[in-house]
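Participant: Have a look at this one.
The values are calculated or read from the model by the stated rules, or taken from the named source; none is laboratory data. Since we're looking at a predicted model, the values are computed, not measured. Here the Cβ positions follow ideal geometry from the backbone for every residue, glycine too, while neighbour counts run over all protein chains shown. Just the protein is used for accessible areas: all its heavy atoms, side chains included, with ligands, DNA and RNA removed. Shrake-Rupley method; radii C 1.70, N 1.55, O 1.52, S 1.80 Å.
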Amino acid sequence: MSRLSDLRFRTTTGFQRHVGNPVLRRLPFQTVLETTGRVSGLPRQTPVGGRRVGDSFWLVSEFGERSQYVRNIKANPAVRVRIAGRWHTGTAHLLPDDDPVARLRHLPRMNSAAVRALGTGLLTVRVDLTS
């Protein structure tokens, strides 16, 4: 990874971790992905942008496998997603063969624009919802 990409990653994730995420996850209708911490075993909630299509929820990780929630999914794919204020359980799948740029065209515009602008290793994630 280049120095510029690494700087963008550290700056963005630092802001998200300490400022953006604590505020956004408290908003009742913000979409939130809850994973289980791969080391702590505790629930970890991350605000995300994505869209429900039938019994699946789709999102694109802006930093791919460097994202903490993606690392948690790799360790335990059982997740919960809060969509429109309601929690749903499901199983997350990482889709490295999917075209994340094309996928972003079908997801919410504001979030997709931010992911494209800040992201350095896009990765599509599909959550198959069970409830």
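Participant: Assuming R0 = 41 Å, can you tell me the calculated FRET efficiency for the pair Asp128 and Arg3, based on Cβ-Cβ distance, to the nearest 0.05?
Facilitator: Numbers: r = 38 Å, r/R0 = 0.93.
In this case the efficiency is close to 0.60.
Participant: Name the long-range amide H neighbours of His88: under 5 Å, sequence gap of 5 or more, or other chain; modelled H, no Pro or chain starts.
Facilitator: Residues meeting the amide H criterion: Val81, Arg82, Ile83.
Participant: In addition: Per-residue ellipticity at 222 nm for the chain, helices alone: DSSP H runs ≥ 4 residues times -39500 (n - 2.57), over residue total, nearest 500 deg cm²/dmol?
Facilitator: Values: 5 runs with 40 residues, N = 131.
Theoretical 222 nm ellipticity from helices: -8000 deg cm²/dmol.
Participant: Then there's this: Give the carbon-plus-sulfur fraction of the accessible surface of the chain in %, rounded to a whole number; probe 1.4 Å, heavy atoms of protein chains only.
Facilitator: Details: 4080 of 7530 Å².
Carbon plus sulfur share of accessible area: 54 percent.
Participant: With +1 assigned to the C-beta of every Lys and Arg and -1 to the C-beta of every Asp and Glu, and no other charges, what is the dipole magnitude of the chain about the Cα centre in debye, to the nearest 20?
Facilitator: Working: 21 positive and 9 negative charges, 86 e Å.
The dipole magnitude comes to about 420 debye.
Participant: May I pose another question? Check Leu123: other-chain or 5+ apart residues with amide H under 5 Å from its amide H, H built from backbone geometry?
Facilitator: Ser61, Gly64
Participant: Per residue Cα convex hull volume for the chain, in cubic angstrom? Present the calculation step by step, with values, prior to reporting the outcome.
Facilitator: On the way: hull volume 14.1 nm³, N = 131.
Roughly 108 Å³ of hull volume per residue.
Participant: Compute the length gained on full extension between Arg116 and Ser40: take 0.36 nm times their separation in residues and subtract their Cα-Cα distance, giving the result in nm to one decimal. Present the calculation step by step, with values, prior to reporting the outcome.
Facilitator: Working: separation 76, 0.36 × 76 = 27.36 nm, distance 3.07 nm.
The span from Arg116 to Ser40 would gain 24.3 nm if fully extended.
Participant: Using 7 Å Cα-to-Cβ label points, what is the Glu65/Val101 separation (nm, one decimal)?
Facilitator: That separation, rounded to one decimal, is 2.1 nm.
Participant: Given a 1.4 angstrom probe, what's the average accessible area per residue across the range 31-131, in square angstrom?
Facilitator: Details: 5100 Å² over 101 residues.
Ligands and nucleic acids excluded, the result is 51 Å² per residue.
Participant: Still on this structure: I need to check one value: relative contact order of the chain, counting alpha carbon pairs closer than 8 Å and at least 6 residues apart, in percent.
Facilitator: On the way: 235 pairs, mean separation 38.0, N = 131.
Dividing the mean separation by the residue count of the chain yields 29 percent.
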